[in-house]
Each structure stands twice: as C-alpha cells, then as structure tokens.
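The block underneath contains the structure these notes are about, expressed in structure tokens.
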Amino acid sequence: MGKVMRGAAALALSVAAVGTVGAADAGAATAAGSVHGCPSGAVCIYPGFDWNNDRPSFVYWSYGAHNLVNQTGVHEVLNNQYGGAGMRLWSGYNGTGSVIDSLAAGSGWVYDLGPVNSITLDRP
C-alpha cells in the first residue's frame with residue numbers, strides 16, 4: 001500500500017509515538033491534548049517522515065472530505081481523534097475512488113501521499 005518503510009531508528013520513534021497515542025482511551029486522549037503538536041480531536045499531516053519538530057503542515061478538524069493539494073512524497077499522518085473516530089485516505093477527490101488505507105483513532109503512520117487525493121474524517 002502507501003505505507004513507507006524506513007530506517008530502524010525512525011521506525012522505532014514512529015511506533016513508540018503511535019503506541020502512546022493508541023494506548024489512550026477516549027477520556028485520556030481528551031485530557032492528554034496534543035501529540036506531536038497535533039491537537040486532540042484533529043488529524044494532522046506532517047512534511048516528511050519525521051514529526052517536523054511537532055509542527056504539522058495541515059490540521060483537519062471537521063468530519064467529511066478534505067482534498068489534498070501538492071501533497072506528494074512521504075509524510076507522517078496522525079489521527080489524534082478519539083472516541084472511535086476514524087480517517088481514510090482516498091484515491092479520488094472529495095472522498096471518492098478507492099480507499100488506499102484507513103487509520104483508527106489514536107494511530108498514525110508514514111505514507112507516500114502521491115496516490116492520495118483526499119482524506120475523510122469519519123464519525124464513530
């Protein structure tokens with residue numbers, strides 16, 4: 001799929017961060033606030049395959065489709081929503097085409113966003 005493999009040190013950092021976010025329940029995620037600069041309840045995209053000093057380049061708050069523009073290459077994607085809210089990466093604009101992958105609340109991964117044209121934030 002669009003997931004990108006990388007060096008062991010960078011992968012360990014990403015897995016540790018995802019494990020930290022994923023271990024939180026809805027109440028704890030709300031109380032915990034931001035993770036890597038991504039506010040609680042948001043989905044964030046970071047430039048490159050690191051956390052960009054905890055500064056996401058895009059922060060999405062509202063449910064529904066969001067088109068991506070000029071987002072090619074490798075990016076960290078973090079779903080810092082809670083309460084079971086998911087997100088999906090789509091091949092087409094406006095949440096159409098095929099689902100490339102999905103992220104559950106409290107998870108993140110590194111993706112090549114070249115084939116991704118939109119994301120959706122989905123209600124639980």
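Please treat every number below as a calculation from the coordinates, not as lab data. This structure is a prediction, so every number in the text was calculated from the model and none was measured. Please note: Cβ atoms are built from the backbone with ideal geometry, for glycine as well, and neighbour counts cover all protein chains shown.
Observations
- Each 5 Å bin from 0 upward holds the following percent of the Cα-Cα pairs of segment 48-124: 3, 17, 27, 29, 18, 5, 0.
- Using the Cβ of P56 as centre and a radius below 13 Å, the other residues enclosed give a net charge of -2, where K and R count +1 and D and E count -1.
- When peptides 89-98, 40-49 are ranked by their average number of other Cβ atoms within 10 Å per residue, the highest-first order is 40-49, 89-98.
- Hypothetical label at D54: residues of segment 78-114 whose amide nitrogen lies under 16 Å (7 Å Cα-Cβ projection): 80
- Mean Cβ count within 10 Å, highest first, over the residues of peptides 54-67, 74-87, 105-118: 74-87, 105-118, 54-67
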